[in-house]
């Protein structure tokens, strides 16, 4: 933009706030006035064409028909670059006179072109010339291929010229840098940093000798974890001096310097070839003095990942992947064999991996594989565990559970073994999650070998009736029997006062006693009382459904003094004449003299038929109307001559029968009329009728 344009633009901005002049177009069209009709006479017209700086104008005529004359004297189109005439045209393609451009375009030396069209007044009517039509476009100037200026200023670029659209750029060879004039180059080979994984570098001007007195430094610094290799080309020439000690690099040299290592000076005509540098940084110092001559050197460098040592073997495990070499950023993993766990620093870990570091070392030490263990086996209530093989609960150890015999037995009756498996679970051979010890019922460790009476009977030897329970209910004495580790069975009327069940806090339970005066402080309280829902006996005249259960607060551990009695077997029979065993801490003595015993008594009594017992009750009822009814939920036992019977204080106690050597609870001491009298029998709750209720109550509570 010239000075006048600046003034115009400034004035325009001040007055109308218009924008700066736009850039010249890259192409356009120009034609004579009125084209394609004939052009006027006596015409003088000029077109100034411009394209952006750095471009030429190529002018192409699509049609030219101007009156022909010698030297285009009358009518003509002149094409000028500045004041230089590039061509003067007239005529048409077929005219003999004139000068027609044909199909040849006109190329301007610069970014401007001037067209002058002039006509005179002499144009015969029979010749109607239509003038011209032309297209122009901007063509990039290849400044780099242009001849050097005639003013002797030298080439556009002293070393490398790069043509660009509309302009050009100068660049320099390796070891040189561009001066401020952006055209000429000056030697500069210090501070060169190369940080790509691979590359090429050479001495200034290589393969031509550089200027004298060169001092260049090149630094190759790649990512930590990589090492550098220098591969020198065959053409290597650095001046050396031959002495008695051999070749010396006294005046010219290429020094290869590595941190913490002795540097190496290279010179001579023999290429060093391939050099491996055990570092990720290397410094090359190239030096020449003001004398002598060296052609220099050229090399390609590459990088390799740092190596880590091959890991050793792991006992009872393996390293993956197993390779012959390991490099920076490689990972290895440790897998232990089945049954082994990964241990490091005394701690077990779920998985292990380690990475090859940039210093050539693995970032974690390899772990060890130790045998896994399943932990202590689950304790077995009322039983124990025996190790059959293995050590400290380790993999493939085998254990066997057993119950505390003869008071418990394993559910299913089999000796179950468990093996410590790879998933750290003790797993059984027969797919049992956890064994269970079941109480042995009805099998005391000692047996009674002779029979006597309760009324006038004999003391029960220790451990012969281990299910016997002594109840103290609000100070009154009653009996009961152990049927499970948290359950006592007794008569309903023992726990009733009128129509109300006594509070649990008034009931004390004694077990394992053969004498009341022994250890009376060792009693337990119930957690709940469960009287049969159909027992209704507020006046003591209806003992039907005389059965109740007591749940203990804590389970019992059975031993020789405390064991459960069995419940009636399925299809239990009460056969007349069969001898049963009744026991208790109730009244003893003769008919005329009753004594409340403090010792556990027992007596064997035969079962009496329902008809015999009913007849006895009928005859007794003639003297009083308060004799309770005998129902199918009851049975009788005793002898017609009297003298042997259960009595007051025995209520709720057991009447047992035996089957296959096991005692089972056939009855519960319920009621009677005058203990031990002739033709009078004790009445017992028939437990076999209540097995379903007993099991249901225990399951639901």
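Remark on segment 383-439: hydrodynamic radius 11.7 angstrom, per the Kirkwood mean of 1/r across alpha carbon pairs. Our summary of shape: the Cα atoms of segment 189-305 have principal axis extents of 41, 30, 24 Å, ordered from largest down, in whole angstrom.
Return one number: the angle in degrees, 0 to 90 and rounded to the nearest 10, between the long axis of the Cα atoms of helix 610-621 and the longest principal axis of the Cα atoms of the chain. With both axes taken from Cα atoms, the answer is about 60 degrees. Taking a point 7 Å out from the Cα of residue 250 in the direction of its Cβ, the residues of segment 186-222 whose backbone N falls within less than 18 Å of it are 213. By the Stokes-Einstein formula, at 0.890 mPa s and 25 °C, the chain with its Kirkwood radius over alpha-carbon pairs has D equal to 62 µm²/s. Taking 0.36 nm per residue of separation and subtracting the current Cα-Cα distance, fully stretching the chain between residue 46 and residue 497 would add 148.4 nm.
Calculate I(q)/I(0) for segment 22-141 by the Debye formula, one identical point scatterer on each C-alpha and no solvent, and give its log10 at q = 0.09, 0.18, 0.21, 0.22 Å⁻¹ to two decimals. Taken in order of the listed q values, log10 I(q)/I(0) reads -0.24, -0.89, -1.15, -1.24. Between segment 312-384 and segment 65-112, the alpha-carbon centres lie 93 Å apart. For the peptides 529-542, 684-697, residues were scored by their other Cβ atoms within 10 Å and the scores averaged per peptide; the highest-first order is 684-697, 529-542. Percent of C-alpha pairs per 10 Å bin in segment 307-371, short distances first: 23, 52, 23, 2.
Highest mean packing first, where packing is the average number of other Cβ atoms within 10 Å per residue, the peptides 498-507, 202-211 line up as 202-211, 498-507. Once the Cα atoms are used to define both axes, helix 3-16 deviates from the longest principal axis of the chain by about 50 degrees. Subtracting the Cα-Cα distance of residue 92 and residue 658 from their residue separation scaled by 0.36 nm leaves 189.2 nm.
Listing 80, 657 from fewest to most neighbouring C-beta atoms within 10 Å gives 80, 657. Fully extending the segment from residue 118 to residue 324, taken as 0.36 nm per residue of separation minus the present Cα-Cα distance, adds 65.2 nm. Evaluated on segment 343-457, the Kirkwood hydrodynamic radius is 18.4 Å, with distances taken between all distinct Cα atoms. For the chain, the longest principal axis of the Cα atoms and the long axis of helix 691-700 meet at an angle of about 40 degrees.
No lab work stands behind these numbers, since they all come straight from the coordinates. The structure displayed is predicted, hence computed values, not measured ones. Note that we place each Cβ from the backbone using ideal geometry, even for glycine, and neighbour counts take in every protein chain shown.
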